[in-house]
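The values are calculated or read from the model by the stated rules, or taken from the named source; none is laboratory data. Bear in mind the structure is a predicted one, so any value in this text is a computation, not a measurement. Here Cβ is always computed from backbone atoms with ideal geometry, including for glycine, and neighbour counts include all displayed protein chains.
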Amino acid sequence: MKGNCNFPKPSHPFCKRISGFLNPESAMSKATSNQTKSDNVPAESEDEARRKRKSPFLHPYLQLFISIILTAASQIFLKIGVDAQLVSPWYTISNFFAYWIWLGILAVIGSLFSWLYALKSVPLIIAFNLAATNHIMVAVGSRLFLGEAISSRRWIGVFLVAVGVFFIARPAARAEEKL
Amino acid sequence: MADHSKSSASRRKLDLAGGVLVMTVSFFTWLSLLHRFDLSYLYPFEGLDRVLLAFAAWLILKEKMSRDLWIGLILICLGTAFVAGS
């Protein structure tokens, strides 16, 4: 018999303690049955409970927005770090403490996680379309925070690329849905 | 059967390691490029990865190119050309 402890005898305290590990389902069902007995509230549906537990921070569209902002921010952090902190031989010790670079890497990781979280509930087509705004965000950010002069021709190019990415979103979303 | 699953698992690990390696190389390449160029000049070129990806899927995986995909690819190339000339 699997899940039963007979050592040294079933009523031994050791056996009682490990019985929860040996057959967790019965232990869990016991616990839940105790709970439902003690408070006689009608069980709410799981969906409702999940919605209640969610903080507004975890709203998928907010997470998508955060992801896009973080992607743009990471590029700006990296640019600042490269300009201000990196020294030419790459193995220079101070390079490993270039905090702008680390900030950029952290922003990339954060954006990836919020992107994955958002994709759990946002349709791919919308997510990809919004991701196309990234190119414009980076251009605006580098104008505002890095003080780069952006000629009109460069603006046109940036917008064309963004529109192109926007057009690609539908085939890309279809391709990823297949996976 | 067991042998086959084991070999495919190790293959998957190899693929993952290769992906991480390539991404690391691309990250450092990106840093060295950022050192040389403005961010607003460089970032539109990132859009070209979709063009490469689409053509690779077309040639290697024999996927069909839809009309929207063609339009998008052409727009990206045009935009990148504009940025390159700026």
Filter segment A:121-135 down to residues that are outside any helix (DSSP H, G or I) and either among the small types (Gly, Ala, Ser) or not assigned by TED's automatic domain parsing to the domain that holds A:ILE68 (or both), then give me how many there are.
-> 2
Across (1) closer than 29 Å to A:ALA84 by Cα; (2) surrounded by 17 or more Cβ atoms within 10 Å (Cβ to Cβ); (3) facing chain B (nearest Cβ under 7 Å), A:GLY141 clears everything bar (3)
For segment B:48-76, enumerate the residues that are at the interface with chain A (Cβ under 8 Å from one of its Cβ atoms) and either part of a helix (DSSP H, G or I) or modelled with pLDDT of 90 or more (or both).
-> B:ARG50, B:ALA54, B:ALA57, B:ASP68, B:LEU69, B:ILE71, B:GLY72, B:LEU73, B:ILE74, B:LEU75, B:ILE76
Which fully enclosed helices (runs of 4 or more DSSP H) of segment A:1-120 have 3 or more residues being at pLDDT 55 or above?
-> A:46-53, A:60-84, A:99-119
In a helix (DSSP H, G or I), more than 8 Å from chain A (Cβ to nearest Cβ) and surrounded by fewer than 16 Cβ atoms within 10 Å (Cβ to Cβ): does that describe B:VAL20?
-> yes
Check whether at least one residue in segment A:70-83 is of a type in the set (Lys, Arg) and either in contact with a Lys or Arg (Cβ under 8 Å, 6 or more places away or on another chain) or surrounded by fewer than 21 Cβ atoms within 10 Å (Cβ to Cβ) (or both), and report yes or no.
-> no
Exactly one condition in (1) touching a residue at least 24 places away in the same chain (Cβ under 8 Å); (2) under 17 Å from B:LEU73 (Cβ atoms) is not met by A:LEU130; state its number.
-> (2)
From the options B:LEU42, B:LEU34, residue that is modelled with pLDDT of 85 or more, more than 8 Å from every other protein chain (Cβ to nearest Cβ), crowded, with 16+ Cβ neighbours inside 10 Å and closer than 23 Å to A:GLY141 by Cβ | B:LEU42
Within segment A:155-175, identify whether any single residue is over 26 Å from B:ALA57 (Cβ atoms), assigned to a helix (DSSP H, G or I) and more than 8 Å from chain B (Cβ to nearest Cβ), and answer yes or no.
-> yes
